[in-house]
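Working notes, beginning with the structure itself.
The values are calculated or read from the model by the stated rules, or taken from the named source; none is laboratory data. Here the structure is a predicted model, which is why all the values come from computation and not from measurement. FYI the Cβ positions are ideal-geometry reconstructions off the backbone, even for glycines, and counts take in every protein chain you see. For the accessible areas, the whole protein counts, side chains as well, though only heavy atoms, and no ligand, DNA or RNA atoms are used. Shrake-Rupley method; radii C 1.70, N 1.55, O 1.52, S 1.80 Å.
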Amino acid sequence: MSLHQRPTLTQYLIEQRRRFPEATGDFNSLILDVAMACKSIARAVALGRLADVPAAGTTNVQGEEQKPLDVLSNEAFLRTTEWGGNLAGMASEEMDRPYAIPPQHPRGKYLLVFDPLDGSSNLDVNVSVGSIFSILRAPEEAIAGELAERHFLQAGERQVAAGYALYGPSTMLILTVGNGVAGFTLDPNLGEFMLTHPDLRIPEETQEFAINASNRRFWEPPVQRYVAECETGREGPRGKDFNMRWIASMVAEAHRILMRGGVFLYPRDNRQPQRPGRLRLLYEANPIGFVIEQAGGRASTGRRPVLGVQPEELHQRIGLVFGSRSEVERIERYHAEPGTRDFVTPLFGERTLFRTA
């Protein structure tokens, strides 16, 4: 398909809106505002050290050091979306409390939740990073009254749209409005997101998995069992060889899996038993989970579908496993099998440095 024949993001959204004759256009307008924020962030990321961005020197609510582009990206989302009259409020991974729409702007019927720059620790080594976003319906009291944290505490299955922007060799916007997943590539000459991947589907079978193996000693037995079986390859119970990946940028991990299959694990572990996981439920797990499920994959805590989890706080963390459906279901099955609790990884078995033969 030639460039001029490809639909733009605007045209795609108009086609989706025609499924709902009563729609007002506010939803489309909000997504286009989000896309504009992503374009501005893409430009700043592409400039790298050439961007005239003052140092942040601050930490976010999770106690993590904020990169200068973390702050710039957060501001891009706020300033680009607050004025349009489509939002009742926003919540960001970089902000402690919900962001109320300034009184000079009208309020709308949606809530926007976002991680403005996922994987920003990779910026110094020029690895792909991205932005993640989720759109929820605002309760009536959030539209008419004072915005509160409780208004954002909605299970992932209640999202009306979600997606991410990937800032890599090309800038891509991946979007679901609850009717499959579409991918758009930014044409830098036109400044438009063009539809390049109209119906993304995750392969059910895979031979790739992504996990931070340095945390192996903290994993629960079901995860140790799964990874050990993948590592034994064709000689083991899986009967095929696997490749292991780890980028430390969840947007990049999700995008690879969306394009060619695989499974991503950032599971609950025992480093901090009081914390049920490392990833943020509202800003990362839910939007990525919605995209993955809409593309035919599965997103889970390892024990249950992540989109069914009822959030209890704005910055709640959770364990996350997502990707090719058959692999995620296998991991869930291992968590459900009592015998797996006694699994001992072969790395600590006979004929190793850790136990005498």
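Worth a mention:
- One residue stands out in segment 177-186 among those that are open to solvent by 10 Å² or more (accessible area, probe 1.4 Å) and among the aliphatic types (A, V, I, L, M): the one that is farthest from SER128 (Cα to Cα), namely VAL177.
- Boolean, ASN179 is among the polar types (S, T, N, Q), assigned to a loop (DSSP other than H, G, I, E, B) and closer than 21 Å to PHE27 by Cβ: yes
- Put simply, of GLU204, GLU229, GLU192, GLU149 the only residue that is acidic (Asp, Glu) and under 18 Å from THR8 (Cβ atoms) is GLU192.
- Residue match in segment 334-343 (condition: in contact with a Leu (Cβ under 6 Å, 6 or more places away or on another chain), at pLDDT 95 or above and not acidic (Asp, Glu)): no
- Any chance ILE174 is crowded, with 24+ Cβ neighbours inside 10 Å and either assigned to a loop (DSSP other than H, G, I, E, B) or of a type in the set (Val, Ile, Thr) (or both): yes
- Where strands (runs of 3 or more DSSP E) sit wholly within segment 89-171, those with at least 1 residues that are crowded, with 17+ Cβ neighbours inside 10 Å and without any contact (Cβ under 8 Å) to a residue 60 or more places away in the chain occupy 110-118, 129-137.
- When the criteria are applied in full, GLY308 fails the requirement of being open to solvent by 10 Å² or more (accessible area, probe 1.4 Å) and closer than 15 Å to THR176 by Cβ.
- Qualifying residue in segment 207-225 (condition: in contact with a Lys or Arg (Cβ under 8 Å, 6 or more places away or on another chain), within 30 Å of ILE31 (Cβ to Cβ) and either at pLDDT below 95 or of a type outside the set (D, E, K, R) (or both)): yes
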